[in-house]
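One structure is given below, encoded as structure tokens.
Nothing in this text is a laboratory measurement; each read-out follows from the coordinates by a stated rule. Given the structure is predicted, the values throughout are model-derived calculations rather than measurements. Because the Cβ atoms are built from the backbone with ideal geometry, glycine has one as well, and the counts that use them run over all protein chains shown.
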């Protein structure tokens, strides 16, 4: 009986430690905890109402005084290739600043990372993203790579969703 109890207690402790590790990883950092707003989204954007223009994904936590943390990726390849940048254009990076207007359902965030142009190579990049919450036909995303200067048009969500909460 003692042996079973010890074995069961060991499993309980391991399970509790695993649960605490998951909670620690998924919780916002202490600097953003409390008053942070979550801005996240993923899907495909379009310009003409029909054809995919980009594939995007992001998860950003925006706190007081425009503090922010998160990640942003935008890819134009395959069925979403960007003319003139075949076979690839990808912006990927860390978010460091953000602002939100909950009443309007909009957010803007900025960060840095890389611009990958496939055979033309990779380079450091600074980016700005403006989003409006909503699903297909409603949500919008506008990416501007500020370094090097590379503005892109505003896209409407074709598939997926942008949420601000």
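Between residue 163 and residue 144, what is 0.36 nm times their sequence separation minus the Cα-Cα distance? Round to one decimal in nm. Write out the running numbers ahead of the final one.
On the way: separation 19, 0.36 × 19 = 6.84 nm, distance 2.00 nm.
In short, 4.8 nm is gained.
Volume per residue, Å³, of the convex hull around the alpha-carbon atoms of region 93-165? Can you show the working numbers first?
Working: hull volume 7.2 nm³, N = 73.
It is 99 Å³ per residue.
Using a Förster distance of 22 Å, how high is the FRET efficiency between residue 65 and residue 154, based on the Cβ-Cβ distance and rounded to 0.05?
Working from the Cβ atoms, E equals 0.20.
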